[in-house]
Amino acid sequence: PEAITVAELANRMAERVGDVIKALMQNGVMATQNQSIDADTAELIIEEFGHNVTRVSDADVEQVIHTVEDKPEDLQSRAPIVTIMGHVDHGKTSLLDAIRKTKVVAGEAGGITQHIGAYQVTTESGSTLTFLDTPGHAAFTSMRSRGAQVTDIVVLVVAADDAVMPQTVEAINHAKAAGVPMIVAINKIDKPSANPTKVRTDLLQHEVVVEQMSGEVQDVEVSAISGQGLDELLEAIALQAEILELKANPGRSAQGAVIEAQLDVGRGPVATVLVQNGTLRQGDIFVVGEQWGKVRAMENDQGQRVKEAGPSVPVEVLGLNGTPEAGDVLNVVETEAQAREIAEYRQQVAKDKRAAAGAATTLEALMQKA
Ligand code: GTP
Ligand code: MG
């Protein structure tokens with residue numbers, strides 16, 4: 001059970017702090033407004049004031065958001081979620097642009113506008129792949145630390161004229177720490193100074209053994225400028241995805257992760273959500289990190305309105321009560337009351353944590369002065 005300060009308890013009941021302190025005294029508990037009392041005492045006081053007790057704990061939250069176990073027969077294949085990583089200027093953005101230009105909405109007139117930080121492409125052989133456009137290395141780590149493991153496959157971009165550089169090594173370490181398989185895209189192969197062999201031997205020193213070196217890691221020579229090798233790269237990703245046998249249950253209520261979010265002047269808080277399991281539908285009530293909401297509208301990666309989004313589909317979601325953070329996990333729940341309660345509970349936990357951290361530094365500062 002959680003503890004609560006006297007002031008916070010009074011605040012939540014909308015009663016005067018003095019009255020709460022008095023009631024505590026009558027029950028033999030001496031406490032000032034900034035002191036914490038245990039949950040049992042708080043419950044007693046709440047009842048004395050004639051309010052209803054609703055206690056939320058981590059366990060309650062778990063129960064509300066993780067009730068459904070997926071049955072094997074309900075699982076269906078889903079698209080892999082792919083993140084591109086690599087050293088500065090090695091061509092990550094160019095590569096993504098090139099893939100998008102050749103693959104996204106081929107039929108749509110000049111339709112390469114990207115609306116959200118994630119998009120889907122379909123390969124020649126008919127596999128669908130989801131690319132995340134956002135994460136720099138820091139974002140990748142922070143998303144992971146927030147509990148959102150969103151990437152299934154990392155494409156490591158290494159420029160053939162520059163070979164392995166510090167951020168290449170960083171990306172390798174990130175992928176390894178996350179346990180995510182890698183595919184090496186040896187980029188800028190069009191350049192006269194390109195030396196793909198150097199890339200492969202450099203990688204050996206970081207225990208990345210590519211297929212050309214008789215290892216397991218797929219490597220593809222590409223050029224974001226000429227377009228060489230792009231189809232091959234997409235097929236390599238599709239092959240890796242097949243090996244991973246990625247599955248999800250489109251029949252359950254949705255769980256997803258926030259890729260990016262911002263407060264839009266006209267539309268309010270907007271979040272790009274990658275659905276990881278289940279299907280997110282218009283009208284669904286959800287909790288996301290410390291926020292909650294009800295899906296008012298959704299747009300896909302091409303800016304089209306959609307009524308639902310299944311596993312591995314990125315969508316922009318409207319209808320949030322606050323702006324979540326990248327990496328926050330979204331869970332659909334049954335009722336608005338549940339969503340609000342969980343969000344408020346999480347806000348409180350975060351507030352308490354910050355207060356505790358603040359108190360610790362103050363104490364430390366005092367000790368140092370003494
Ligand atoms: P950061 O986002 O700054 O880390 O860079 P990035 O990895 O996204 O690289 P970006 O795509 O911005 O490319 C850097 C430079 O390399 C640009 O001038 C590109 O035009 C150039 N470039 C990227 N890919 C290729 C390629 O395949 N061939 C050649 N010749 N130039 C390339
Ligand atoms: Mg870039």
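The values are calculated or read from the model by the stated rules, or taken from the named source; none is laboratory data. None of the values given here were measured: they were computed from a predicted structure. Every residue, glycine among them, receives a Cβ derived from its backbone with ideal geometry; neighbour counts consider all protein chains shown.
Counting only residues that are modelled with pLDDT of 85 or more and under 19 Å from ILE189 (Cβ atoms), which one in region 98-122 is nearest to the chain's Cα centre (by Cα)?
Applying the filter and picking the extreme gives ILE99.
Taking into account only those residues within region 198-224 that are closer than 12 Å to ALA160 by Cβ and outside any helix (DSSP H, G or I), which is nearest to ligand 2 (Cβ to nearest atom)?
Applying the filter and picking the extreme gives ALA224.
Which numbered condition trips up VAL88, out of (1) over 13 Å from ALA326 (Cα atoms); (2) within 11 Å of ligand 1 (Cβ to nearest atom); (3) at pLDDT below 65?
Single failed check for VAL88: (3).
Would you confirm whether or not region 43-55 contains a residue that is away from ligand 1 (no atom under 16 Å from the Cβ) and in contact (Cβ under 8 Å) with a residue 40 or more places away in the chain?
The answer is yes, given that some residue of region 43-55 is away from ligand 1 (no atom under 16 Å from the Cβ) and in contact (Cβ under 8 Å) with a residue 40 or more places away in the chain.
Of a type in the set (D, E, K, R), assigned to a helix (DSSP H, G or I) and in contact with a helix residue (DSSP H, G or I) (Cβ under 8 Å, 6 or more places away or on another chain): is that true of ASP19 in this structure?
In short, yes.
Only residues that are modelled with pLDDT of 90 or more and within 16 Å of ligand 1 (Cβ to nearest atom): list them for region 56-85, please.
Matches in region 56-85: VAL82 only.
Considering only region 53-100, how many residues are away from ligand 2 (no atom under 13 Å from the Cβ), in contact with a Pro (Cβ under 8 Å, 6 or more places away or on another chain) and over 18 Å from ALA118 (Cα atoms)?
3
Which one of the conditions (1) modelled with pLDDT of 90 or more; (2) surrounded by 24 or more Cβ atoms within 10 Å (Cβ to Cβ) does ASP152 fail to meet, given that it meets all the rest?
(2)
Determine whether SER77 is surrounded by fewer than 18 Cβ atoms within 10 Å (Cβ to Cβ) and more than 30 Å from GLU245 (Cβ to Cβ).
For SER77, the condition - surrounded by fewer than 18 Cβ atoms within 10 Å (Cβ to Cβ) and more than 30 Å from GLU245 (Cβ to Cβ) - is not met.
Just a yes or no: is a residue in region 188-197 within 27 Å of the chain's Cα centre (by Cα), under 27 Å from TYR119 (Cβ atoms), away from ligand 2 (no atom under 16 Å from the Cβ) and surrounded by 15 or more Cβ atoms within 10 Å (Cβ to Cβ)?
Among the residues of region 188-197, not one is within 27 Å of the chain's Cα centre (by Cα), under 27 Å from TYR119 (Cβ atoms), away from ligand 2 (no atom under 16 Å from the Cβ) and surrounded by 15 or more Cβ atoms within 10 Å (Cβ to Cβ), which makes the answer no.
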